[in-house]
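Structure first, then comments.
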Amino acid sequence: MKTVVVYYSRFGTTRTIATALAEELGAEVRKIQAVRECGFMGMGFRSAFGIRMPIQPMNLDFTGVDRIVLCAPIWAGKPANPARTFLQEAKIEGKVLAVVFSSGGGETSPALEAIRKLVAEKRVDLTFLGAIVTRKKDEAQLRAEAKEPVRKLKSQQGE
Ligand SMILES: Cc1cc2nc3c(=O)[nH]c(=O)nc-3n(C[C@H](O)[C@H](O)[C@H](O)COP(=O)(O)O)c2cc1C
């Protein structure tokens, strides 16, 4: 099953998780980059109020890809805005969309609900692989924890 791991990361923890996931899955990695990053207050404000953050040009074509694993941090209870912009712009109709959040340990259901709404028109097969709490964890710990969503994905898809 051809898989692409797509991630957004502001401070690097989600990148570590995404690259570990991609290695386990033998998947291509695509990075979402904001046109302009902002500070902590700006991120929280934009997330809470759903203010669009444009993303830099990237490959949004998933022709021939079966599933996309999206890794995104949670900001103020919602998926980080650049990941939301990606979901609006990407051509992911008919694909499996598996979501992994990185977080500080807060609620994940509002963030998942936000993703459900964003892709409601896209006929994606949405699945949630869980959240990895990143606080005070080094790269080795994050990479080890990235094995659990891979296990979940493989068992869901009968691999
Ligand atoms: C502006 C901001 C808001 C955040 N809000 C939440 C939140 O509501 N719930 C939560 O569990 N973690 C929250 N976090 C923690 C991040 O989701 C977590 O640190 C994540 O791993 C950061 O990913 P990164 O290192 O790839 O940027 C927030 C972090 C930032 C910077």
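The values are calculated or read from the model by the stated rules, or taken from the named source; none is laboratory data. Treat the numbers as computed from the prediction; the structure is a model and nothing was measured. In this analysis, Cβ positions are derived from the backbone assuming ideal geometry, glycine residues included, and neighbour counts consider all displayed protein chains. Areas reflect the complete protein model, heavy atoms only, side chains present, ligands, DNA and RNA absent. Shrake-Rupley method; radii C 1.70, N 1.55, O 1.52, S 1.80 Å.
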Within the set Pro79, Pro57, Pro149, GNM on the chain using Cα springs under 10 Å gives the largest fluctuation to Pro57
With the other protein chains left in place, how much accessible area per residue, in square angstrom, belongs to segment 1-67 at a 1.4 angstrom probe? 53
Along the charge dipole of segment 33-159, Cβ charges K/R +1 and D/E -1, which of Ala72, Phe62, Ser47 sits furthest on the positive end? Ser47
Quick one: pull the percent of accessible area on segment 3-156 belonging to carbon and sulfur, 1.4 Å probe, ligands and nucleic acids left out. 51
Amide proton proximity set for Leu126, modelled H, under 5 Å, gap of 5+: Leu97
GNM of the chain, Cα pairs under 10 angstrom: of Gly77, Gly64, Gly50, the biggest fluctuation goes to Gly64
Label points 7 Å out from Cα along the Cβ direction at Arg123 and Lys152: separation in nm? 2.7
Where is the GNM fluctuation largest for the chain (alpha-carbon springs, 10 angstrom cutoff): Val133, Val35, Val96? Val35
HN-Hα J couplings of segment 81-87 from phi, Karplus 6.51/-1.76/1.60, θ = phi - 60°, integer Hz, Gly and Pro as x? 3, x, 5, 5, 4, 4, 4
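Using the Kirkwood radius over Cα pairs, work out the Stokes-Einstein diffusion coefficient for the chain at 4 °C and 1.567 mPa s, in µm²/s as a whole number. Don't skip to the answer; put the middle values down first.
Working: Rh = 15.5 Å.
Rounded, D is 84 µm²/s.
Please get the size of the charge dipole for segment 3-156, origin at its Cα centre, with Cβ charges of +1 on Lys and Arg and -1 on Asp and Glu, quoted in debye to the nearest 20.
Details: 24 positive and 16 negative charges, 53 e Å.
Value, rounded to 20: 260 debye.
Chymotrypsin sites (Phe, Trp or Tyr not before Pro) within segment 38-81: which are DSSP loop residues with at most 15 other Cβ atoms inside 10 Å?
On the way: sites: Phe40, Phe45, Phe49, Phe62, Trp75; in loops: Phe49, Phe62.
Counting only loop positions with at most 15 other Cβ atoms within 10 Å, the chymotrypsin sites (Phe, Trp or Tyr not before Pro) in segment 38-81 are Phe49.
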Long-range amide H contacts for Trp75: which residues qualify at under 5 Å (H placed 1.01 Å from N, peptide plane, sequence gap of 5 or more or a different chain)? Ala80
If amide H atoms are modeled at 1.01 Å from N in the peptide plane, then the residues at a separation of 5 or more from Val6, or on another chain, having amide H under 5 Å from its own are Arg30, Val69, Leu70, Cys71
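Would you mind getting me the FRET efficiency between Leu60 and Glu23? Use the beta-carbon distance for r and R0 = 25 Å, nearest 0.05. The partial results should precede the final answer.
Working: r = 23 Å, r/R0 = 0.93.
Result of the calculation: an efficiency of 0.60.
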For the chain the mean separation of alpha carbon contacts under 8 Å (6+ apart) over residue count, i.e. relative contact order in percent, is 25
For segment 51-159, give me the percentage of DSSP beta bridges that are antiparallel, rounded to the nearest 5 percent. 10
Report, ordered by chain and residue number, the lysines lying within cross-link reach of Lys2, taken as a straight Cα distance under 20 Å and ignoring same-chain residues fewer than 8 apart. Lys31, Lys91, Lys95, Lys122, Lys147, Lys152, Lys154
